[in-house]
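The values are calculated or read from the model by the stated rules, or taken from the named source; none is laboratory data. Owing to the predicted nature of the structure, the values given are computational and were not obtained by experimental measurement. No Cβ is skipped: glycine too gets one built from the backbone with ideal geometry, and neighbour counts run over all protein chains shown. Protein only, heavy atoms only, side chains kept; ligands, DNA and RNA dropped before computing areas. Shrake-Rupley method; radii C 1.70, N 1.55, O 1.52, S 1.80 Å.
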Amino acid sequence: MENLNNWIIVTNDFIWTYILIALLICIGIYFTFKSRFVQFRNIREMFRLLGDGIASGNHKNSVSSFQAFCIATASRVGTGNLAGVATALALGGPGAIFWMWLIALIGSASAFIESTLAQIYKVKGDRSFIGGPAFYMEKGLKKRWLGILFAVIITITFGLVFNSVQANTVTLAFHEVFGTSRVWLGIILTLFTLLVIFGGIHRIAVISGIIVPLMAIAYILLAAFILFTHLGTLPHVIGSIFTNAFGFEQFASGGLGAVIMQGVRRGLFSNEAGMGSAPNAAATATVSHPVKQGLIQALSVFTDTLIICSCTALIILLSDVPLDGSVKGIQLTQMALSHQIGSVGGQFIAICILLFAFSSIVGNYSYCETNLFFISKNKTYLQLYRIIVGGMVMFGSIAALDLVWNIADLFMAIMAITNLIAIVLLGKIALKALQDYNRQRRIRK
């Protein structure tokens, strides 16, 4: 097992250092300029569209734009926001947060492109629309084999590996605070997961639409309270993020690369911009123009990283917890919050991570159901896969932390590279859709 973990670490470092970071940044910058900074110019429109999605609700056999936003945010807002940010700080220092912000600002343009493409190439499923990278690879690029490859990768990455990470963090958090048996909690988590995923995409949409807003608001309010009580030290903490991101000390010690890598890696794990996951949720929405859902999904990236991840980062940096790598993951976040508000802080994080992670598990599964449909319409495979997902939730509940995270990084990299190539080749179609949407808006005015 140790040899496997070491091999995965070496492979991860090679892919992330030489391939994926360069692709993410270059492609994000490319789409930012080609779309004329769509993620910044259309902030007001994003909130307007989200409000319309809340107000309009949804019909019996459709998913509203707001519910699609919640499904995607449910998958994004999970252990990456609480445990992943803590790991980035522990291994990369405060400067890693700057690179996490940067990848969100740049990557939101890629998120807009991929989600708009998902709407353009979506198809009618059994009860609602379905789509995603596998579909635009087949219909847009005329390469079904590439779509199948992506579908296989995402069903392994999200349904199996990432869900193991979510379950791992939940059981660690509860064991740390309450001394709960990881085995018994894993069994309970597995049973609830199976109960929801056997209900299909509509049950997932309803669950996500309830859990995501509540848990996000509660966490943000707590962070706001902590920030308010530390207003005097806040400027110093924010300054340390920027100085460590480009600091001479990090450069001289050869640690600048680690700072960048941890920020980008954990940022991508959290916001998933350009990875090809969120388009599977974006395609399910019933909207009058594909660009509308593209804009809403770009907003989801901002919600995840610039708001929720920043809350975790500032809570940790405003406390006296060590950032030497001796403590990382969810334990570091729990320790930081306990320093801030006492023992109840660790308990709050445990409850929070349970809701965050469970919504991510069911959101992740919804992506995989779509891609299994793309590979084969045989429902026997779907039922079998649901059972395997439950098994992997149980496995993650009791597995070693480092191995689970390292496997997640490797599969995330492979999946992101496949999708990034596809959206570069098809990006001009999404950009034409944006031009059409802007033209229609000018006419309406």
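Provide the gained length on full extension for the span Phe242 to Val424, in nm with one decimal, where the gain is 0.36 nm per separating residue minus the Cα-Cα distance.
62.4 nm
If I stretch the segment between Ile210 and Thr229 completely, what's the gain in nm (0.36 nm per residue apart, minus their alpha carbon distance), one decimal?
3.9 nm is the gain from fully extending Ile210 to Thr229.
Pairs Lys122/Lys292; Lys142/Lys292; Lys122/Lys142: which exceed 22 Å Cα-Cα?
From Lys122/Lys292; Lys142/Lys292; Lys122/Lys142, over 22 Å: Lys142/Lys292.
Which values of log₁₀ I(q)/I(0), to two decimal places, follow from the Debye formula for region 354-417 at q = 0.23, 0.26 Å⁻¹ with a uniform point scatterer at every Cα?
Values, matching the q order: -1.20, -1.27.
Quickly rank 39-51, 415-427, 297-309, 275-287 as a protection proxy: mean count of other C-beta atoms within 10 Å, highest first.
The densest-packed peptide leads the list: 275-287, 297-309, 415-427, 39-51.
Taking every pair of Cα atoms in region 279-364, average 1/r, invert it to obtain the Kirkwood radius, and report Rg/Rh to two decimals.
Rounded to two decimals, Rg over Rh is 1.12.
Which ³J(HN,Hα) values, rounded to whole Hz and listed in residue order, are derived for region 302-309 from phi using the Karplus coefficients 6.51, -1.76 and 1.60 in 6.51 cos²θ - 1.76 cosθ + 1.60 with θ = phi - 60°, glycine and proline given as x?
Whole-Hz 3J(HN,Hα) from phi for region 302-309: 4, 4, 5, 8, 6, 9, 6, 4.
Take each of the peptides 220-231, 151-162, 429-440, average the number of other beta-carbon atoms within 10 Å over its residues, and list them starting from the highest.
151-162, 429-440, 220-231
Where the accessible area of region 277-363 is counted over protein heavy atoms with a 1.4 Å probe, how much of it, in %, is carbon and sulfur?
It is 61 percent, rounded to a whole number.
According to a simple spin-label model (label point 7 Å from Cα along Cα-to-Cβ), what is the distance in nm between Ala22 and Val152?
Result for the modelled spin labels: 2.7 nm.
So if we plug the beta-carbon distance of Ala218 and Arg36 into 1/(1 + (r/R0)^6) with R0 = 56 Å, what FRET efficiency do we get, rounded to 0.05?
My answer for the efficiency is 0.95.
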